[in-house]
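For reference, the structure discussed in these notes is given below.
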Amino acid sequence: MSKHSLGTVNRLRAPPLIFESGSPERSGFFWPEEKKTDWIPSQFVRDEIAGFPELGELEVLRHFTCLSHLNYSIEGQFYPLGSCTMKYNPKINEVVARLPGLSLLHPLAPTVLIQGALELLYDLERMLVEISGMDHVTLQPAAGAQGELTGLMMIRAYLTAQGNPRKKILVPDTAHGTNPASCSLCGYDVVQIPSNERGIIDVAKVRTVMDEEVAALMITNPNTFGIFEQDIQAIAEVVHHKGGLIYMDGANLNAIMGIAKPGHMGVDALHMNLHKTFSTPHGGGGPGAGPVGVKDILRDFLPIPRISKGSKRYELREDFPLSIGRVRSFLGNFGVLVRAYTYIISLGADGLEETSRMAVLNANYLRKRLEEYYHLPYSEPCMHECVFTDRVQQKLGVHTIDIAKRLLDYGFHPPTIYFPLVVSGAIMIEPTETEDPETLDSFIDAMISIAREAKENATLVNTAPHSTPVQRLDEAGAARRLVLRWGGSKPEGSGQKAER
Amino acid sequence: MNFPDNLKYSKEHEWVMMVEDAVALIGITEFAQSELGDVVYVELPEVGEKITKDDPFGSVESVKAVSDLFAPVSGTVIEVNDSLPDSPELVNEDSYGDGWMIKVQMSDKEELKDLLTPDEYAEYVERQQEEDDEEDEKDGE
Amino acid sequence: MRYTPHTASDKEYLLKAIGLNRIEELFSHIPQTLKDQASISLPPGLTEVEVRKKMAALAVRNGTPEDWSLFLGGGIYHHAIPSTVDAVISRAEFATAYTPYQPEVSQGTLQAAYEYQTLICQLTGMEVSNAGLYDGASGTAEAVLMARRIQKRRNRVFVSRALHPQYRLVIATHLKNLEKTEIVEIPFTDAGQMDIEFLSKEMDERAICVVVGYPNFFGAIEDLAPLREACARHGVLLISVTTEALSLALLKPPGFWGVDIAVGEGQSLGLPMSLGGPGYGFFACQKKLVRTMPGRLVGETEDTEGRRGFVLTLATREQHIRREKATSNICTTQTLCTLASTVFMATLGKGGMRRLAEANVARAHETRGRLVKDARLVPTFGAPFFNEFVLNVKGLTKVLSRFESKRIVPGIPLKPWYPELGEGLLICVTEMNEREEIDRLVETFSGNG
């Protein structure tokens, strides 16, 4: 039941940079000149912006349209990036987000002018509370990492109020890199907990390292192997018993909606990634949103402002003396929040629950079909993502990086590679629920084909990709030469670079 | 893999060459650079800084990883290889020669006794590689 | 509505291959107590038609410049957005792509990011720019954290009181949990600029950096030359914060004044106000500081056939490699937003940016000129300004009550953040405020409208 893969990017060429095209005095924007231009004293006024582009409107559009053709994207290609949840980004969300009544809003306008917006935010908070099983939500953080920092700051504030902020946070070795980085930003030392032979954290290990200087344990569930952390409730008990808290990285929420709620697992704070589970577009690297859900014990520390529902109106309130303060300007990535809200009401309870079921079904199908060809480090059941390694192919001189690059030739975006770090050569595959069986079969066929190529023609795989707009790029060279802006270099890499 | 005879080695894969009575030239071994991949940057101490045996004195970066450099001996840094900022690839191309990193006025010559001979280091590297292979075997039992 | 394509026969096909009979078996290892309580108590899904209706109903309860006259700035600005911007960022190849970890199939995103970095360098006059941070406020906090990393043995941070109040709060939140760093607030003068005398007296070898708005929250243009000198005397880093990025199309850029780190909010360059987000924080500095910079960096390189290409570089500073030793914890940022600005700046170009900035200056200055003819409206500050200014309004509360029925919001009262400016009103006028709106503003102030 295979299907020819869609959308292979042809051998296209990149357009020149916007600074290398155009002509003096061209502009794509008509605005009449002002008669009087000397309002500001001349010592504060700059010369023209040297090097700024001068292009006509069509030139601009052609440039970016051509650039867009060089990208893989969810709408063009199957994108099974583990840990990223590359599901379909619904078009209706885009239509709604562009309504002037939801986009031309000034955050410092009197609240009477933004009642519709505040109601949306208030309701979204409640929806996320219901889905996660927590008690309160803040929508402010702009991304998962900022959510982690916010959550950890609240934990720190809570413990400080109890008398001792403590010094350490326990972080599994399978954790996403943002987890330990966020700990450092919050002034905590990181103590790594190793996963066991089943790929999960066992409560016995936690017991040996848990003490009264541990502020919290961070956990992802299911973890980055896609495996459900079976011991989580027992682990929470051990940590709570010594006065610590549990922070959950909710990046993998797509696996458990309607199946298990973090709020019942002993989790005290978690962040959710709206650009993962809740379908807001990745945008090539954002914007996203990382709302944080907390249990009642942390409510006093939530960031300000908070949305409250008065008898007549929604209000923004800042009178919370124990709040950790502001983590960002204004109210959060409202445009992203609108899209997530739209998604949740579109799906409803039934749609959200079916989402997780299908996400897990798809991942298990891939796992079953591929385990004959690629090494599976853990035999535990997986949920919405599964991790293979290149152990079999390595013996033939083919590595994970080569497999990934060769997949590009087949018209697929590769899975996440070399993460988690705990196994060597990890290949983390997350299909998501929005893929049909034919697409999964095409991907499986490609992976099987590459496994065969590794045996019969390893060089083909090692030198991939062959059909993408550019071939393998010299990343070491980039880091050594550090050319981070246009300064007059010529296209086609002829080597002539002007002084920056 | 090359293990020059005139050098001493540390378990953190640094080499030490005595250039004068108590003056040591230090760099990383061929094995270390091959594990790291293409070196893109080396962070070194400043001339005059004191370093302590077994403590980190800098770091070496490849595209995908950063490794600390651990002092094989204690002393004061008297010279630093200033070709490295512009040409970090020297560490890959000539680890024992032009890829040298720092020159140190040693504070305790006795510390040399703790370093490995070329044969001992070669054996150590072999054991490391065997252990790594075992680790990979273990992944997924 | 749901986006799962699976029919009953699809599910059967998949289950059979796995060797199971029912989907529930996939979850048999999940503790039953968790499963029993997990059902989501929300209304059922809606059709697309129902969704449109519901969202339109929410939208209509908000006031926008389409039916209200807003003279609001304070860090978010209403500017013209050429139609090219939305045309480009609506393209799914940009919007639904992921972070460019596989550069061979992400050259669209990467080249656009490289162009963005260049534009920011040109606009700010600095040597390197990263690919963007969450917003101006967290960007400012990151700049302070970076300064702190560089100035290792120092522990005092100087922040202008005239810097955006929310930005000051965000700096404080980020510093609170790190080893004792003191924040010293520098007052502003009667002119509305930083009190450099005060600063010079307070500064010493413990000072890490000085953070100044450029323009500041009052819209005033700070004189950075004497500030630069004062910092240089003690080896203190100077951080400039620009909340109205369009101003840099006209003002001498931070790089000209020798600023060490230039940050700010990019929303006014091609992004709708959107209730304050998403926008992005731009972040630029001198090249020698690049290894301590947070955020992603895109660098130029070549492929195996000598073709120019772009990649994420210096990733060794970042969380996925350095983990707890990373320069920050940033992963996803605001890429589609920086793309919007890139298209905006490319469309306007050198001349268009200048003309738009001059239109802002002209309207704001003309408006202020008309308003201050009324003796009850007094300019609070004498400093030069871009498109925002503060007026002392006699009997402010009563005066403001006149405006709601006229569907005008004349400005932002400063009292909540600056009690010492009790009757101060921060008024912003951009090219989007039409002549007729400004006439009505003036009339309503005079009480004759």
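In table form, for the structure just shown:
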quantity: Condition check for A:Ile344: surrounded by fewer than 21 Cβ atoms within 10 Å (Cβ to Cβ) and under 22 Å from the mean Cα position of the chain (by Cα); calculated: no
quantity: Pairs where the first residue, in segment C:332-349, is facing another protein chain (nearest Cβ under 7 Å) and the second is part of a helix (DSSP H, G or I) and of a type outside the set (A, V, I, L, M, F, W, C), C-beta under 6 Å, 6+ apart; calculated: C:Val343/C:Thr84; C:Thr347/C:Thr84
quantity: Segment A:180-207, subset within 8 Å of chain C (Cβ to nearest Cβ) and under 20 Å from A:Asn252 (Cβ atoms), residue modelled with the highest pLDDT; calculated: A:Cys183
quantity: Residues within segment C:75-91 that are at the interface with another protein chain (Cβ under 7 Å from one of its Cβ atoms), of a type in the set (A, V, I, L, M) and open to solvent by 10 Å² or more (accessible area, probe 1.4 Å), tallied; calculated: 1
quantity: Subset of segment B:1-45 that is hydrophobic (A, V, I, L, M, F, W, C) and assigned to a loop (DSSP other than H, G, I, E, B) - its residue that is farthest from the other protein chains (Cβ to nearest Cβ); calculated: B:Ala22
quantity: Enumeration of residues in segment C:53-72 that are open to solvent by 80 Å² or more (accessible area, probe 1.4 Å) and within 7 Å of chain A (Cβ to nearest Cβ); calculated: C:Lys54, C:Val60, C:Arg61, C:Glu66
quantity: Only one of A:Thr434, A:Thr389, A:Thr463, A:Thr416 that is over 26 Å from the mean Cα position of the chain (by Cα) and of a type in the set (Val, Ile, Thr); calculated: A:Thr463
quantity: Segment C:112-138, subset assigned to a helix (DSSP H, G or I) and open to solvent by 10 Å² or more (accessible area, probe 1.4 Å), residue farthest from the other protein chains (Cβ to nearest Cβ); calculated: C:Ala113
quantity: Residue under evaluation A:Val461, criteria (1) in a helix (DSSP H, G or I); (2) of a type in the set (Val, Ile, Thr); (3) in contact with a strand residue (DSSP E or B) (Cβ under 7 Å, 6 or more places away or on another chain), criterion not met; calculated: (3)
quantity: Residue check, A:Ile18 facing chain C (nearest Cβ under 7 Å), in contact with an Asp or Glu (Cβ under 7 Å, 6 or more places away or on another chain), among the hydrophobic types (A, V, I, L, M, F, W, C) and over 30 Å from A:Ile256 (Cβ atoms); calculated: yes
quantity: Scan of segment A:209-251 for residues that are outside any helix (DSSP H, G or I), away from chain C (no Cβ under 14 Å) and without any contact (Cβ under 8 Å) to a residue 40 or more places away in the chain, ordered by number; calculated: A:Asp211, A:Lys242, A:Ile246
quantity: A:Val336 vs. criteria under 15 Å from A:Leu139 (Cα atoms), away from chain C (no Cβ under 12 Å), in contact with a Leu (Cβ under 9 Å, 6 or more places away or on another chain) and open to solvent by less than 10 Å² (accessible area, probe 1.4 Å); calculated: no
quantity: Every pair of residues 6+ apart whose Cβ atoms lie under 7 Å, when the first sits in segment A:25-51 and is in contact (Cβ under 8 Å) with a residue 40 or more places away in the chain while the second is in a loop (DSSP other than H, G, I, E, B); calculated: A:Gly51/A:Phe19
quantity: Strands (runs of 3 or more DSSP E) wholly inside segment A:278-327 containing at least 2 residues that are open to solvent by 10 Å² or more (accessible area, probe 1.4 Å); calculated: A:306-309, A:314-317
quantity: Residue in segment C:204-215 that is on the phi < 0 side of the Ramachandran plot, open to solvent by 10 Å² or more (accessible area, probe 1.4 Å) and aliphatic (A, V, I, L, M) present; calculated: no
quantity: Tally, over segment A:252-277, of residues that are more than 10 Å from chain C (Cβ to nearest Cβ) and either buried (at least 24 other Cβ atoms within 10 Å of the Cβ) or part of a helix (DSSP H, G or I) (or both); calculated: 11
quantity: Among the candidates A:Leu159, A:Leu118, A:Leu152, A:Leu124, residue that is among the aliphatic types (A, V, I, L, M), more than 20 Å from A:Asp189 (Cα to Cα), part of a helix (DSSP H, G or I) and out of contact with any Leu (no Cβ under 7 Å at 6 or more places or on another chain); calculated: A:Leu118
quantity: Given (1) modelled with pLDDT under 95; (2) farther than 29 Å from C:Pro278 by Cα; (3) open to solvent by 10 Å² or more (accessible area, probe 1.4 Å), index of the condition A:His176 fails; calculated: (2)
quantity: Criterion: among the aromatic types (Phe, Trp, Tyr) and closer than 28 Å to C:Val429 by Cα - qualifying residue of C:Phe158, C:Phe218; calculated: C:Phe218
quantity: Identity of the residue in segment A:184-204, among the β-branched types (Val, Ile, Thr) and under 10 Å from A:Ile169 (Cβ atoms), that ends up surrounded by the most Cβ atoms within 10 Å (Cβ to Cβ); calculated: A:Val190
quantity: Breaking point among (1) over 18 Å from A:Lys87 (Cα atoms); (2) at pLDDT below 95, for A:Arg406; calculated: (2)
quantity: Residues of segment C:384-415 that turn out to be closer than 22 Å to C:Asp195 by Cα, open to solvent by 10 Å² or more (accessible area, probe 1.4 Å) and either aliphatic (A, V, I, L, M) or at pLDDT below 95 (or both), as a count; calculated: 0
quantity: Tally, over segment C:283-313, of residues that are among the small types (Gly, Ala, Ser), buried (at least 18 other Cβ atoms within 10 Å of the Cβ) and within 7 Å of chain A (Cβ to nearest Cβ); calculated: 2
quantity: Hey, C:Met146 open to solvent by less than 10 Å² (accessible area, probe 1.4 Å), in a loop (DSSP other than H, G, I, E, B) and in contact (Cβ under 8 Å) with a residue 40 or more places away in the chain or not; calculated: no
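For (1) crowded, with 24+ Cβ neighbours inside 10 Å; (2) within 7 Å of another protein chain (Cβ to nearest Cβ); (3) not aliphatic (A, V, I, L, M), each residue gets a yes or a no:
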residue	(1), (2), (3)
A:Thr65	no, no, yes
A:Tyr79	yes, yes, yes
A:Pro90	no, yes, yes
A:Leu105	yes, yes, no
A:Leu113	no, yes, no
A:Leu152	yes, no, no
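The values are calculated or read from the model by the stated rules, or taken from the named source; none is laboratory data. Note that the coordinates shown come from a computational prediction; the quantities given were computed from them, not determined experimentally. Here the Cβ is made from the backbone with ideal geometry for all residues, glycine too, and neighbour counts use every protein chain on show. Just the protein is used for accessible areas: all its heavy atoms, side chains included, with ligands, DNA and RNA removed. Shrake-Rupley method; radii C 1.70, N 1.55, O 1.52, S 1.80 Å.
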